[in-house]
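J.: Dropping a structure here in C-alpha coordinates format, bear with me for questions.
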(Lines give C-alpha, C1' and ligand atoms only; values in the text may rest on other atoms or scores of the structure.)
Protein backbone atom coordinates (compact mmCIF):
# COMPACT_ATOMS: atom_id res chain seq x y z
CA UNK A 1 0.00 0.00 0.00
CA UNK A 2 2.87 2.35 0.80
CA UNK A 3 4.47 1.76 -2.59
CA UNK A 4 1.19 2.47 -4.36
CA UNK A 5 0.87 5.76 -2.47
CA UNK A 6 4.40 6.74 -3.53
CA UNK A 7 3.54 6.00 -7.16
CA UNK A 8 0.37 8.10 -6.97
CA UNK A 9 2.27 11.03 -5.43
CA UNK A 10 4.95 10.82 -8.12
CA UNK A 11 2.33 10.78 -10.87
CA UNK A 12 0.51 13.77 -9.37
CA UNK A 13 3.76 15.74 -9.19
CA UNK A 14 4.59 14.82 -12.79
CA UNK A 15 1.14 15.73 -14.10
CA UNK A 16 1.33 19.10 -12.34
CA UNK A 17 4.24 19.89 -14.64
CA UNK A 18 2.01 19.18 -17.67
CA UNK A 19 -1.14 21.01 -16.59
CA UNK A 20 -1.95 24.31 -14.98
CA UNK A 21 -5.00 26.25 -13.83
CA UNK A 22 -4.74 29.96 -14.55
CA UNK A 23 -6.81 32.83 -13.20
CA UNK A 24 -7.17 35.66 -15.71
CA UNK A 25 -8.41 39.17 -14.97
CA UNK A 26 -10.09 40.25 -18.19
CA UNK A 27 -10.61 44.04 -18.48
CA UNK A 28 -13.94 45.47 -19.62
CA UNK A 29 -12.20 46.84 -22.70
CA UNK A 30 -9.22 45.14 -24.25
CA UNK A 31 -8.02 41.56 -24.52
CA UNK A 32 -6.23 39.20 -22.15
CA UNK A 33 -4.11 36.47 -23.77
CA UNK A 34 -2.05 33.53 -22.57
CA UNK A 35 0.37 31.48 -24.65
CA UNK A 36 2.32 28.28 -24.30
CA UNK A 37 5.12 26.89 -26.41
CA UNK A 38 4.12 23.35 -27.38
CA UNK A 39 5.89 20.85 -29.58
CA UNK A 40 4.33 19.05 -32.54
CA UNK A 41 1.78 16.21 -32.18
CA UNK A 42 0.76 17.01 -28.59
CA UNK A 43 -2.81 16.73 -27.31
CA UNK A 44 -4.15 19.92 -25.69
CA UNK A 45 -7.32 20.08 -23.60
CA UNK A 46 -8.60 23.21 -21.85
CA UNK A 47 -11.70 24.26 -19.92
CA UNK A 48 -12.59 27.88 -19.20
CA UNK A 49 -15.32 29.44 -17.07
CA UNK A 50 -16.33 32.98 -16.12
CA UNK A 51 -16.29 33.72 -12.39
CA UNK A 52 -18.24 36.83 -11.33
CA UNK A 53 -19.37 38.36 -8.04
CA UNK A 54 -23.01 38.01 -9.10
CA UNK A 55 -23.38 34.37 -10.29
CA UNK A 56 -26.97 34.94 -11.38
CA UNK A 57 -25.87 37.63 -13.86
CA UNK A 58 -22.72 36.23 -15.46
CA UNK A 59 -21.29 38.47 -18.19
CA UNK A 60 -20.38 36.73 -21.42
CA UNK A 61 -16.99 36.63 -23.11
CA UNK A 62 -15.48 35.79 -26.47
CA UNK A 63 -12.64 33.30 -26.85
CA UNK A 64 -10.18 32.77 -29.66
CA UNK A 65 -7.37 30.20 -29.85
CA UNK A 66 -4.78 30.37 -32.62
CA UNK A 67 -1.79 28.36 -33.84
CA UNK A 68 1.78 29.70 -34.17
CA UNK A 69 0.88 30.63 -37.77
CA UNK A 70 -2.29 32.49 -36.77
CA UNK A 71 -4.83 29.85 -37.83
CA UNK A 72 -8.02 29.65 -35.74
CA UNK A 73 -8.48 26.49 -33.68
CA UNK A 74 -11.35 27.63 -31.46
CA UNK A 75 -13.58 30.69 -31.60
CA UNK A 76 -16.66 31.28 -29.44
CA UNK A 77 -18.72 34.39 -28.69
CA UNK A 78 -21.27 35.23 -25.97
CA UNK A 79 -20.30 32.32 -23.70
CA UNK A 80 -19.76 31.95 -19.95
CA UNK A 81 -17.86 28.67 -20.18
CA UNK A 82 -16.48 26.28 -22.74
CA UNK A 83 -13.84 23.79 -23.74
CA UNK A 84 -11.39 23.36 -26.58
CA UNK A 85 -9.29 20.37 -27.55
CA UNK A 86 -6.85 19.81 -30.39
CA UNK A 87 -3.67 18.02 -31.40
CA UNK A 88 -0.87 20.36 -32.39
CA UNK A 89 0.20 20.25 -36.03
CA UNK A 90 3.29 22.39 -35.65
CA UNK A 91 5.61 23.39 -32.84
CA UNK A 92 5.49 26.93 -31.46
CA UNK A 93 3.47 29.31 -29.30
CA UNK A 94 -0.27 28.60 -29.13
CA UNK A 95 -2.30 31.65 -28.10
CA UNK A 96 -5.63 31.81 -26.24
CA UNK A 97 -7.29 35.24 -26.02
CA UNK A 98 -10.32 36.34 -23.97
CA UNK A 99 -12.34 39.56 -24.06
CA UNK A 100 -15.62 40.81 -22.62
CA UNK A 101 -18.47 41.05 -25.11
CA UNK A 102 -19.46 44.62 -25.99
CA UNK A 103 -22.88 44.58 -24.34
CA UNK A 104 -21.29 43.43 -21.04
CA UNK A 105 -18.54 46.04 -20.76
CA UNK A 106 -20.44 47.85 -17.99
CA UNK A 107 -19.79 44.82 -15.78
CA UNK A 108 -16.18 45.95 -15.42
CA UNK A 109 -13.25 43.59 -14.97
CA UNK A 110 -14.16 39.91 -14.71
CA UNK A 111 -12.24 36.74 -13.81
CA UNK A 112 -11.81 33.69 -16.00
CA UNK A 113 -10.49 30.36 -14.78
CA UNK A 114 -8.55 28.49 -17.46
CA UNK A 115 -7.59 24.86 -16.85
CA UNK A 116 -4.97 24.14 -19.52
CA UNK A 117 -3.70 20.57 -19.95
CA UNK A 118 -1.18 19.20 -22.44
CA UNK A 119 0.16 15.79 -23.35
CA UNK A 120 -0.26 13.05 -20.77
CA UNK A 121 -2.34 15.29 -18.48
CA UNK A 122 -4.99 15.62 -21.21
CA UNK A 123 -5.36 11.87 -21.75
CA UNK A 124 -8.62 10.13 -20.79
CA UNK A 125 -7.25 7.48 -18.45
CA UNK A 126 -10.71 6.17 -17.52
CA UNK A 127 -11.26 5.13 -21.15
CA UNK A 128 -7.80 3.55 -21.27
CA UNK A 129 -8.52 1.57 -18.09
CA UNK A 130 -11.85 0.29 -19.45
CA UNK A 131 -10.43 -0.56 -22.85
CA UNK A 132 -7.33 -2.38 -21.61
CA UNK A 133 -8.99 -3.73 -18.45
CA UNK A 134 -6.32 -2.47 -16.07
CA UNK A 135 -6.66 -0.87 -12.67
CA UNK A 136 -4.85 -0.12 -9.42
CA UNK A 137 -1.05 -0.12 -9.45
CA UNK A 138 -0.91 -1.23 -13.10
CA UNK A 139 -2.94 1.79 -14.19
CA UNK A 140 -0.82 4.13 -12.07
CA UNK A 141 2.34 2.65 -13.59
CA UNK A 142 0.92 3.26 -17.08
CA UNK A 143 0.29 6.87 -16.13
CA UNK A 144 3.82 7.18 -14.79
CA UNK A 145 5.25 5.61 -17.95
CA UNK A 146 3.31 8.05 -20.10
CA UNK A 147 4.42 11.00 -17.97
CA UNK A 148 8.08 9.96 -18.20
CA UNK A 149 7.80 9.59 -21.99
CA UNK A 150 6.20 13.03 -22.25
CA UNK A 151 8.96 14.62 -20.17
CA UNK A 152 11.62 12.81 -22.23
CA UNK A 153 10.07 14.05 -25.49
CA UNK A 154 9.89 17.57 -24.08
CA UNK A 155 13.57 17.45 -23.12
CA UNK A 156 14.49 16.30 -26.63
CA UNK A 157 12.41 19.16 -28.06
CA UNK A 158 14.13 21.67 -25.78
CA UNK A 159 17.57 20.34 -26.78
CA UNK A 160 16.60 20.66 -30.44
CA UNK A 161 15.41 24.23 -29.88
CA UNK A 162 18.63 25.01 -28.02
CA UNK A 163 20.70 23.67 -30.92
CA UNK A 164 18.65 25.71 -33.42
CA UNK A 165 19.06 28.89 -31.37
CA UNK A 166 22.79 28.21 -30.98
CA UNK A 167 23.11 27.85 -34.77
CA UNK A 168 21.18 31.08 -35.34
CA UNK A 169 23.32 32.85 -32.73
CA UNK A 170 26.54 31.63 -34.35
CA UNK A 171 25.36 32.76 -37.79
CA UNK A 172 24.35 36.15 -36.38
CA UNK A 173 27.72 36.55 -34.66
CA UNK A 174 29.52 35.64 -37.90
CA UNK A 175 27.48 38.21 -39.84
CA UNK A 176 28.15 40.87 -37.21
CA UNK A 177 31.88 40.10 -37.40
CA UNK A 178 31.90 40.39 -41.20
CA UNK A 179 29.85 43.58 -41.02
CA UNK A 180 32.33 45.04 -38.52
CA UNK A 181 35.27 44.12 -40.77
CA UNK A 182 33.54 45.63 -43.80
CA UNK A 183 32.68 48.79 -41.85
CA UNK A 184 36.29 49.11 -40.72
CA UNK A 185 37.47 48.62 -44.30
CA UNK A 186 35.08 51.31 -45.56
CA UNK A 187 36.22 53.72 -42.83
CA UNK A 188 39.90 53.15 -43.71
CA UNK A 189 39.18 53.60 -47.43
CA UNK A 190 37.21 56.81 -46.86
CA UNK A 191 39.95 58.18 -44.58
CA UNK A 192 42.62 57.38 -47.20
CA UNK A 193 40.58 59.10 -49.93
CA UNK A 194 40.09 62.16 -47.72
CA UNK A 195 43.84 62.38 -47.05
CA UNK A 196 44.60 61.99 -50.77
CA UNK A 197 42.06 64.69 -51.64
CA UNK A 198 43.45 67.09 -49.03
CA UNK A 199 47.00 66.46 -50.21
CA UNK A 200 46.09 67.27 -53.84
CA UNK A 201 44.16 70.35 -52.67
CA UNK A 202 47.15 71.69 -50.74
CA UNK A 203 49.49 70.89 -53.64
CA UNK A 204 47.31 72.87 -56.03
CA UNK A 205 47.29 75.77 -53.61
CA UNK A 206 51.08 75.37 -53.33
CA UNK A 207 50.79 75.13 -49.57
CA UNK A 208 52.98 72.02 -49.50
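The values are calculated or read from the model by the stated rules, or taken from the named source; none is laboratory data. Since the structure is predicted, the reported quantities are computational estimates derived from the model, not experimental observations. Glycine also receives a Cβ, built like all others from the backbone with ideal geometry; neighbour counts cover every protein chain displayed.
J.: State which residue is nearest to residue 161 (Cα to Cα) when the search covers only region 12-48 and only residues that are at pLDDT below 55 and surrounded by fewer than 16 Cβ atoms within 10 Å (Cβ to Cβ). Give the steps one after another, and end with the answer.
T.: Within region 12-48, the first condition is being at pLDDT below 55, and the residues that meet it are 12-18.
Next, from what is left, pick out any that are surrounded by fewer than 16 Cβ atoms within 10 Å (Cβ to Cβ): 12-13, 16-17.
Working: 12: 27, 13: 25, 16: 23, 17: 19 Å.
Here the answer is 17.
J.: Among the listed residues 111, 180, identify the single one that is modelled with pLDDT of 80 or more, touching a strand residue (DSSP E or B) at 6+ places or on another chain (Cβ under 9 Å) and either at negative phi or surrounded by 11 or more Cβ atoms within 10 Å (Cβ to Cβ) (or both). Steps first, answer last, please.
T.: Values: 180 fails: touching a strand residue (DSSP E or B) at 6+ places or on another chain (Cβ under 9 Å).
Exactly one residue qualifies, and that residue is 111.
J.: Condition test on residue 185, is it under 24 Å from the mean Cα position of the chain (by Cα) and in a helix (DSSP H, G or I)?
T.: no
J.: Can you find, within region 49-101, the residue that is surrounded by the fewest Cβ atoms within 10 Å (Cβ to Cβ) among those that are in contact with a helix residue (DSSP H, G or I) (Cβ under 9 Å, 6 or more places away or on another chain) and under 30 Å from residue 157 (Cα atoms)?
T.: 85
J.: Pick from region 44-83 the residues that are within 14 Å of the chain's Cα centre (by Cα) and in a strand (DSSP E or B): which of them is farthest from residue 94 (Cα to Cα)? Give the steps one after another, and end with the answer.
T.: Keep residues of region 44-83 that are within 14 Å of the chain's Cα centre (by Cα), which gives 44, 65-70.
With the extra rule that they be in a strand (DSSP E or B), the set shrinks to 44, 65-66.
Details: 44: 10, 65: 7, 66: 6 Å.
My answer is 44.
J.: Scan region 26-43 for residues that are outside any loop (DSSP other than H, G, I, E, B) and touching a helix residue (DSSP H, G or I) at 6+ places or on another chain (Cβ under 6 Å) and jot them down. Let's see the steps before the verdict.
T.: Here is the first cut: in region 26-43, the residues outside any loop (DSSP other than H, G, I, E, B) are 26, 32-38, 43.
Correct list: 43 only.
J.: Additional query: On the basis of being closer than 30 Å to residue 151 by Cβ and modelled with pLDDT of 90 or more, does residue 9 make the cut? Give the derivation first.
T.: Details: closer than 30 Å to residue 151 by Cβ: yes; modelled with pLDDT of 90 or more: no.
Criteria not met by residue 9.
J.: Select from region 84-103 the residues that are part of a strand (DSSP E or B) and more than 19 Å from residue 30 (Cβ to Cβ) and list them in ascending order. Give the derivation first.
T.: From region 84-103, those part of a strand (DSSP E or B) are 84-87, 92-100; that's our starting set.
Within region 84-103, 84, 85, 86, 87, 92, 93, 94 qualify.
J.: Only one residue in 158, 198 is within 19 Å of residue 39 (Cβ to Cβ) and either modelled with pLDDT of 80 or more or in contact with a helix residue (DSSP H, G or I) (Cβ under 7 Å, 6 or more places away or on another chain) (or both). Which one?
T.: 158
J.: Right, something else. Among the numbered criteria (1) assigned to a loop (DSSP other than H, G, I, E, B); (2) modelled with pLDDT of 90 or more; (3) on the phi < 0 side of the Ramachandran plot, which single criterion is violated by residue 134?
T.: Only one criterion is unmet by residue 134, namely (2).
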